[in-house]
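The values are calculated or read from the model by the stated rules, or taken from the named source; none is laboratory data. Since we're looking at a predicted model, the values are computed, not measured. Neighbour counts are summed over all protein chains in view; Cβ atoms, including those assigned to glycine, are modelled from backbone coordinates with ideal geometry. Ligands, DNA and RNA are stripped out before the accessible areas are found, and what is left, the full protein with its side chains, is counted by its heavy atoms. Shrake-Rupley method; radii C 1.70, N 1.55, O 1.52, S 1.80 Å.
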Amino acid sequence: TRHHGCPYLYAECRVVHGRVLLLTGNWTEAEDQLTKAAACTRNTFPGMYNRAIASMAELRLRQGRFDEAQELIESIAAPMETSLVSASLALRRGQPTVAAALAERWLRSGADPIVPPIHAGGRGLSIQMAFALGLLIEARLASGDTESAGLAADQLEKIVAVEGASVMSAYAALGKGR
């Protein structure tokens, strides 16, 4: 990036790196990377900016800073990019029906010709699919719908059988356990 001067590629790398840091518990470093990604895309690259802000909202959620997460979600008009973090927030706030609806919307978006196949969180990535299904299982159980939760757990196991990724296997085992 320094050599070729492509700020958008640089921003995307920062978002991806920030998400890795977020998911591995390196929250201070994640915040730094996501803040820098948002700063360099704010008025020039809305899609990447939305991804950075949605990831920052997820960070705030994991930190237990629910009001700040909600403010970040509301600061961008990007319902698909924020669907999973919004679902997680709804679940933590005792709204499992809302959480399930948001997770289901995200899961259906892959078949929607209007929604790009990869949006914030990477709809095209299997690990995000596993996370979304795990969230759906948790939400359905919280609302007392064990049958639907079981169906989602079965769907997750089928994906794992094809993909075979260890992280996805963990999501599947957790879903079945729940």
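The table that follows gives values for the structure above.
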| read-out | value |
| --- | --- |
| Qualifying residue in the range 39-62 (condition: of a type in the set (S, T, Y), more than 24 Å from R108 (Cα to Cα) and part of a helix (DSSP H, G or I)) | yes |
| Hits in the range 127-148 (condition: open to solvent by less than 10 Å² (accessible area, probe 1.4 Å) and under 16 Å from V98 (Cβ atoms)) | A132, L135, L136, I137, A139 |
| The range 25-38, subset part of a helix (DSSP H, G or I) and open to solvent by 20 Å² or more (accessible area, probe 1.4 Å), residue farthest from S88 (Cα to Cα) | K36 |
